[in-house]
Amino acid sequence: MKTDLKVTIVQSELVWENAEANRAQFSKKFQHINEETDLIILPEMFTTGFSMNAAKLAEPNYGPTLEWMIQEAKKYNAAITGSVIIAENDTFFNRLFFVFPDGNYEKYDKRHTFTLAKENETYTDGNKKLIVNYKGWKICPLICYDLRFPVWARNTEDYDVLIYIANWPKVRTLAWDTLLRARAIENMAYCIGVNRVGFDGADHEYIGHSSVFDVLGKQISPSAFGEFTETVALEMEHIKTNRQHLQFLNDRDTFTLT
């Protein structure tokens with residue numbers, strides 16, 4: 001089993017509703033990752049920004065963005081994850097892809113669509129949690145508004161890493177910082193939040209604050225403003241040691257989601 005996992009956060013501005021331009025800018029950013037990495041994490045809707053213009057912007061499941069992710073994953077021998085607007089069966093999804101270095105992939109449709117922005121009126125809710133097995137690590141990737149719903153994220157699968165990709169606005173940064181730390185502590189897992197920066201087409205401002213928390217809630221990467229790329233090493237021994245010592249997950253509640 002691999003004892004550590006190198007994860008690269010890419011906090012970036014997004015070109016509003018321009019998938020080709022966004023793919024191009026991320027390709028350039030990947031060239032400047034200055035160390036080997038196992039996983040590259042991009043923000044929510046990284047090709048368009050958080051747009052409700054799905055009828056115009058949606059791609060098929062195996063469209064140009066997934067093809068690009070597969071190409072880049074193979075090129076850098078690293079997994080890549082981020083979400084894209086997808087059209088499938090006459091409906092739209094905010095769909096996260098987790099693409100492996102060999103080109104295979106898994107997908108997760110956002111469970112909690114953001115009613116305040118009427119995302120629920122455009123996109124269909126997902127209903128299946130995804131646990132990815134990668135290099136001996138169990139990873140649970142979720143999307144933005146999912147962060148506010150701890151039951152959905154509850155660590156009943158003994159996952160090691162919880163990921164939130166987001167377009168989380170500046171006005172609610174305190175909630176972002178607080179909830180990421182809480183999800184790490186309550187689930188005794190690394191918790192990673194990757195957010196965008198800049199302004200979207202509705203003039204909402206985003207300041208990033210992408211960060212990584214360990215299983216005790218200690219922040220192990222800075223909550224930086226502006227664009228940045230950072231690689232952080234996650235340690236499996238840190239998880240094992242603290243879970244064995246504290247055993248909090250042994251006392252978790254059992255429940256069934258409906």
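The values are calculated or read from the model by the stated rules, or taken from the named source; none is laboratory data. Predicted, not measured: the structure shown is a model, and the values here were computed from it. Cβ atoms come from the backbone with ideal geometry, glycine included; neighbour counts cover every protein chain shown.
Observations on the model:
- Matching option when the condition is closer than 26 Å to Phe199 by Cβ and either part of a strand (DSSP E or B) or among the polar types (S, T, N, Q) (or both), among Ile33, Ile80: Ile80
Results for (1) crowded, with 17+ Cβ neighbours inside 10 Å; (2) basic (Lys, Arg); (3) within 19 Å of Glu17 (Cβ to Cβ); (4) touching a residue at least 40 places away in the same chain (Cβ under 8 Å), shown as yes or no for each residue.
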position: Pro64; (1), (2), (3), (4): no, no, yes, yes
position: Glu72; (1), (2), (3), (4): yes, no, no, yes
position: Ile80; (1), (2), (3), (4): yes, no, no, yes
position: Thr91; (1), (2), (3), (4): no, no, no, no
position: Asp102; (1), (2), (3), (4): no, no, no, no
position: Tyr105; (1), (2), (3), (4): yes, no, no, no
position: Arg111; (1), (2), (3), (4): yes, yes, no, yes
position: Lys118; (1), (2), (3), (4): no, yes, yes, yes
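- Filtering region 150-157 for residues that are among the small types (Gly, Ala, Ser) and more than 21 Å from Phe248 (Cα to Cα) leaves an empty set.
- The condition (being surrounded by fewer than 21 Cβ atoms within 10 Å (Cβ to Cβ), closer than 30 Å to Asp214 by Cβ and within 14 Å of the chain's Cα centre (by Cα)) is satisfied by just one residue among Leu130, Leu39: Leu130.
- Taking region 237-258 as the range and being under 25 Å from Trp176 (Cα atoms) and among the aliphatic types (A, V, I, L, M) as the test, the residues that pass are Ile239, Leu249, Leu257.
- Whichever residue in region 177-215 is hydroxyl-bearing (Ser, Thr, Tyr) and either in contact with a Lys or Arg (Cβ under 6 Å, 6 or more places away or on another chain) or farther than 18 Å from Arg148 by Cβ (or both) and, among such residues, is surrounded by the fewest Cβ atoms within 10 Å (Cβ to Cβ): Tyr206
- Members of region 90-112 found to be over 14 Å from Ala54 (Cα atoms) and either among the polar types (S, T, N, Q) or out of contact with any Asp or Glu (no Cβ under 9 Å at 6 or more places or on another chain) (or both), listed by number: Asp102, Gly103, Asn104, Tyr105, Glu106, Lys107, Tyr108
- Annotation: of all residues in region 1-25 being more than 19 Å from Val99 (Cα to Cα) and among the aliphatic types (A, V, I, L, M), the one that is farthest from the chain's Cα centre (by Cα) is Met1.
- Subset tally (residues that are surrounded by 13 or more Cβ atoms within 10 Å (Cβ to Cβ) and touching a residue at least 24 places away in the same chain (Cβ under 8 Å)) for region 234-245: 7
One line per residue, one yes/no per condition, for (1) of a type in the set (Val, Ile, Thr); (2) at pLDDT 95 or above; (3) outside any helix (DSSP H, G or I); (4) in contact with a Phe, Trp or Tyr (Cβ under 7 Å, 6 or more places away or on another chain):
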position: Val7; (1), (2), (3), (4): yes, yes, yes, no
position: Trp16; (1), (2), (3), (4): no, yes, yes, no
position: Gly49; (1), (2), (3), (4): no, yes, yes, yes
position: Lys56; (1), (2), (3), (4): no, yes, no, no
position: Trp68; (1), (2), (3), (4): no, yes, no, no
position: Ala73; (1), (2), (3), (4): no, yes, no, yes
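- Number of the exception - Met52 against (1) touching a residue at least 60 places away in the same chain (Cβ under 8 Å); (2) under 18 Å from the mean Cα position of the chain (by Cα); (3) surrounded by fewer than 19 Cβ atoms within 10 Å (Cβ to Cβ): (2)
- Pairs, first in contact (Cβ under 8 Å) with a residue 60 or more places away in the chain and surrounded by fewer than 18 Cβ atoms within 10 Å (Cβ to Cβ) in region 12-27, second among the hydroxyl-bearing types (Ser, Thr, Tyr) and not in a helix (DSSP H, G or I), C-beta under 9 Å, six or more apart: Trp16/Thr48; Trp16/Ser51
- Residue count for region 83-114, restricted to those that are more than 15 Å from the chain's Cα centre (by Cα) and assigned to a strand (DSSP E or B): 6
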